[in-house]
Structure formats: C-alpha cells, structure tokens
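A short write-up of the structure that comes next.
Readers should treat all values here as calculations from the given coordinates under stated rules, not as data from a laboratory. Predicted model, so just to flag it, every value in this text is computed and none were measured. Heads up, the Cβs are rebuilt from the backbone with ideal geometry, glycines too, and the neighbour counts pull from every protein chain shown.
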Amino acid sequence: MIKNQWYVILESKEVPKNCLIGVKRFGENLVAWRDSDGKLSVFRDKCPHRGIELSKGKILNNHLQCPFHGFEYDASGRCKVIPANGRATAVPDHIRAVAYPLREEHDFIFIWFTPDPENTGMADNATLPPLPWFDDIDVSLVWSGMTDHWKAHYSRAIENQLDIVHVPFIHHNTIGRGIGPVVNGPFTKILENGLSFWPSNANDSGQIPLRHDQVPEPVGKKTYLTFLFPNLWQNHIMDKMRIVVAFVPIDDKNTLFYLRTYQSIVRIPVLREIFFIISNIFNRIVLHQDRRVVETHQPQATQLRMDENLIPGDYPIIQYRKKREELKSRLPDLATE
C-alpha cells in the first residue's frame, strides 16, 4: 500500500454510536468506535498493556475499555483509567492506544495511513492534506450502495477499472454490448492526484488506432472515468448519474469494494428505491464478470515494470503505475506493495 495517504476504510453507517467495529485493513487489525456523542475514533486493535484486541471490549463513559484488565482509552487513544492502580493514580503518558488520524465526509470514514501513527496524532489532523474527492458530486445527487469482496490485490482491482481494452470481451452482454474492440487513445488528462480519461473505442474496419496523443480533447463528451489516489474511482456516465467505487485494501490478497450509484434522474421515493435495487443488481453482475478474471492475475500486486507486454490502449494503466511508483518512492524504506 502507498503510505501517507487518505484511504476510505468504512462507510459512516457501519459504526453507530456506542459500538465497536473490528476490521482488517492494510493487513492490520483496526477497531473503529463511536462514543455516545457520535465522536469517531480508529485505533490499532491492540491494547498497549498486554496486546489484547480492543474490539472485544466495550464503551464505558465514552471511553473504550479493554476487556482483559479494564484499561480505559479516550478518543485520542490516551489511557485515562487503570483500574488496578485506582482511579486516583495518575496514568503514565506513554500508555496510549495507537490512534489513526481520521476524517469523516461523504458518508465515508477516511484514515491517514501512515507508517508512524503514534507520532502523527489526532492533533495534527488539521495540518494533513485535503481528502481526495470528486468536485462534481454535490447534494443534488442521491446515492445507494453495495459492497463486494474480491480475492485480489487492490491495485489490480483499480487497474481493472482503468482498462477499456477488456470491455467488449468480459462485458460483451452487459456494458460492453455494441462497443468495438479497437481502442483509440484514450485521451487522458493527468491530474495532480490521479487521472481522467475518455474511452473512444471503434469497430475494426482495417484502420490503425489513434495513439493517446493523437486523439483530440473531447468537447462536451459527458462520459469519462476518473481515478483519485489512493483508492477512489468514478465513472461519470452523465451529469445526472455516476458510479463511484472505493477500493479498500483488506490485505495483500483481498479487496473490499464500496460501490455507489449517484443519480438525480429518479426523485420519487418509491421509484427511486426500485431504481437503486435494479442498479445494484446490474452493478453486481458487471463486477462479477470482472472478478472472475482479475482474481487470476499473476502476480497479484502490480508494478511499473513487470512481466507483461502492454499495448497503447493500456495508457491509463501505465500512467497509474507511474504515479503509484512515484508515491511509493517517497518512502523507499517503508513502502510496501
């Protein structure tokens, strides 16, 4: 995973008040919890006293209480109570649960995935970069979502959504119906923290495909795809409808998809729910067409240079790999897959 980035790890609704949720993310066990006031925290799921999973504990007086010896931690991770020492005894400052900096926006929970969360701290949250998000998604769009689990490295799951070469084949009877196999470009715009590209496939009539730098910039074309590092993707189908995916790394071999349909086409509540039910069913069918093949990638984690023979139509994937390599190289001794 790329360190020092804001990653979506959960949806807000998955962590209700007075509840502990244990999850695995980035190959590490985490506990997300929300006190009775709604304040959210995400800790490494390990009590600093004896290494017990804090997710097996409970919330007591707006503290997370370890199930083993009753140590209590506040929202910042600081230990406030050691029952064996008595409440009148001061707690040493070094006894702290590891708390990740977090932000909660767009009904998602983001954490700052850093190699040094102990020293980043909750107090430094305000100094961290802004969250990655799509500026063109606003309150005029309502959404419904679904989740899907893939036995694949998150980088391969992302690349699949940057791959327009596969669409006429894997999705020949769904989203690829009627799309030609010849890939012009695609025209690709490199962003500060990602990329956007506009598919322009064509039927094969003996022509030589245009390279990405030969395709004119699309004007007024509503359908395009955008990826924002480290794990957000949008299919801008039209102004009134989008598909958004957060690719959440569980570990090196598993990825959880949070897929949402945003739309402002259907506004009547009952019809809107029917629309979302149909949309989620269709999206799951499309995802499973992809999943069947993406889970067979060898090797699973992607790299800039590997035993593959890329073609011009893979240009968005090439740009993703270059930027990913650049971000990883900023922490050469700590970067992982």
Using the Cα centre of the chain as origin and beta-carbon charges of +1 (Lys, Arg) and -1 (Asp, Glu), tell me which of Val294, Ala202, Leu327 is placed farthest towards the positive end of the dipole.
Val294
On the first, second and third principal axes, largest extent first, how far apart are the outermost C-alpha atoms of region 124-166 in Å?
38, 31, 22
Of the DSSP beta bridges with both residues in region 142-329, give the percent that are antiparallel, rounding to the nearest 5.
100 percent
Through the Karplus equation 6.51 cos²θ - 1.76 cosθ + 1.60, θ set to phi - 60°, convert the phi angles of region 172-179 into ³J(HN,Hα) values in whole Hz; use x for Gly and Pro.
4, 10, 10, 6, x, 4, x, 8
Run lengths n ≥ 4 of DSSP H only: what is the helix-derived mean residue ellipticity at 222 nm for the chain, with -39500 (n - 2.57) per run over all residues, to the nearest 500?
-5000 deg cm²/dmol
Among Phe134, Phe229, Phe197, which one shows the highest mean-square fluctuation when the chain is modelled as a Gaussian network with alpha-carbon springs under 10 Å?
Phe134
Given contacts defined as C-alpha pairs under 8 Å and at least six residues apart, what's the relative contact order of region 5-127, whole-number percent?
24 percent
Amide hydrogen neighbours beyond the local backbone of Phe71, cut-off 5 Å, H modeled
Cys66
In sequence order, calculated HN-Hα J values of region 156-162 (Karplus, 6.51, -1.76, 1.60; Hz; x Gly/Pro)
6, 5, 5, 4, 4, 7, 9
Return a whole-number percent for the relative contact order of region 142-329, with Cα pairs under 8 Å and 6 or more residues apart as the contact set.
30 percent
Angle in degrees between helix 315-329 and the longest Cα principal axis of the chain, rounded to the nearest 10
30 degrees
Computed from the coordinates I sent, P(r) over Cα pairs in 10 Å bins from 0, in percent equals one of [x] 5, 23, 30, 23, 12, 5, 2, 0, 0; [y] 6, 28, 35, 23, 8, 0; [z] 5, 21, 25, 21, 15, 9, 3, 0. Tell me the label.
[x]
Using modelled amide H (1.01 Å from N, peptide plane; none on Pro or chain starts), what sits under 5 Å from the amide H of Asn62, excluding residues fewer than 5 places away?
Ser36
Calculated from backbone phi, Karplus (6.51, -1.76, 1.60) coupling profile of region 47-62 in Hz, x at Gly/Pro:
6, x, 6, 10, x, 6, 5, 5, 5, 8, x, 8, 9, 9, 6, 6
Beyond a 32 Å Cα-Cα separation, which of these cross-linked pairs lie in this structure: Lys46/Lys328; Lys24/Lys189; Lys222/Lys323; Lys80/Lys323; Lys56/Lys323?
Lys24/Lys189; Lys80/Lys323; Lys56/Lys323
Taking Cα atoms, the helix 269-294 axis meets the longest principal axis of the chain at an angle in degrees (rounded to 10) of 80 degrees
Given charges of +1 on the Cβ of Lys and Arg and -1 on the Cβ of Asp and Glu, with all other atoms neutral, how large is the dipole of the chain about its Cα centre, in debye to the nearest 20?
600 debye
Got the relative contact order for the chain handy, in percent, Cα pairs under 8 Å and 6 or more residues apart?
18 percent
